[in-house]
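What follows is one structure encoded as C-alpha cells, with my remarks underneath.
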Amino acid sequence: MRARLRVITETHTASLVGALRDLQIEGLVPSVTVRVQHTPLTPTFKLYLLNEVEALHGMYEIIERQLELADGEVVTALDVLGLGATLTHHVKNPADAGAPGTVFVDSMQQWFTSVWKHLAQ
C-alpha cells in the first residue's frame, strides 16, 4: 500500500509541477518556485495555499474498495477519494484579522508550516 501511495504521489507531484511551470512559460505569472517535500502523514484532505493569502481546501472521502497492487495482488483496503473532492475557496481580508477567511488561511498556513518544519523530508 505504501508503494502504491508513493507512485500516486509522484504522479500527482509531477503533474502539479508541470502545470505550475507552464504558467510561467506561457507568461501568466512572472516566476514559479516549486519545492516538494514528503511527510509521514496519511493524506486526509487537499490543501493548496496560494501566496499566503488564499487557500483551497477539500476533505477526502474514505471508502472501502478493491485495489490492485503493483505485483498484481488484489486487496480490499480503506482508501481515500481525492479526485472530485469539493474544494472550498478561502481568502484573507487584510482589513479584518478576525474574518473567517483570514482565520482559516492563517490557521492552515500555520499548520502547513509546522508540518514542513517538523516532519517534511
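The values are calculated or read from the model by the stated rules, or taken from the named source; none is laboratory data. Note that this is a predicted model, so its numbers are computed, not measured. Don't worry about glycine lacking a Cβ; one is built from the backbone with ideal geometry, like all the others, and counts go over all protein chains shown.
What's the total number of residues in the range 82-96 that are without any contact (Cβ under 8 Å) to a residue 12 or more places away in the chain and within 15 Å of the chain's Cα centre (by Cα)? The total comes to 2. Can you find a residue that is closer than 30 Å to Gly101 by Cα and over 12 Å from the mean Cα position of the chain (by Cα) anywhere in the range 1-14? Yes, there is a match, as at least one residue in the range 1-14 is closer than 30 Å to Gly101 by Cα and over 12 Å from the mean Cα position of the chain (by Cα). With respect to (1) out of contact with any Asp or Glu (no Cβ under 7 Å at 6 or more places or on another chain); (2) closer than 22 Å to Ala3 by Cα, the lone exception for Asp96 is condition (2).
Out of Thr42, Thr9, Thr33, I need the residue that is β-branched (Val, Ile, Thr) and surrounded by 12 or more Cβ atoms within 10 Å (Cβ to Cβ). Which one?
Details: Thr42 fails: surrounded by 12 or more Cβ atoms within 10 Å (Cβ to Cβ); Thr33 fails: surrounded by 12 or more Cβ atoms within 10 Å (Cβ to Cβ).
Unique residue meeting the criteria: Thr9.
Taken together, the residues in the range 84-109 that are of a type outside the set (Lys, Arg), under 18 Å from Tyr48 (Cα atoms) and either surrounded by 10 or more Cβ atoms within 10 Å (Cβ to Cβ) or touching a Phe, Trp or Tyr at 6+ places or on another chain (Cβ under 6 Å) (or both) amount to 17.
Of all positions in the range 97-104, at least one carries a residue that is more than 17 Å from the chain's Cα centre (by Cα), part of a loop (DSSP other than H, G, I, E, B) and hydrophobic (A, V, I, L, M, F, W, C).
Scanning the range 53-83 for residues that are surrounded by 13 or more Cβ atoms within 10 Å (Cβ to Cβ) and not in a strand (DSSP E or B) yields Val53, Tyr60, Gly82.
In this structure, is Ala99 over 28 Å from His118 (Cβ atoms) and out of contact with any His (no Cβ under 9 Å at 6 or more places or on another chain)? Walk me through it before giving the result.
Numbers: over 28 Å from His118 (Cβ atoms): yes; out of contact with any His (no Cβ under 9 Å at 6 or more places or on another chain): yes.
Considered against the rule, which asks whether it is over 28 Å from His118 (Cβ atoms) and out of contact with any His (no Cβ under 9 Å at 6 or more places or on another chain), Ala99 comes out as yes.
Does Gln37 satisfy the condition of being among the polar types (S, T, N, Q) and touching a residue at least 40 places away in the same chain (Cβ under 8 Å)? Yes: the conditions hold for Gln37.
Checked against (1) under 14 Å from the mean Cα position of the chain (by Cα); (2) under 26 Å from Leu5 (Cβ atoms); (3) modelled with pLDDT of 95 or more, Leu50 meets all criteria but (3).
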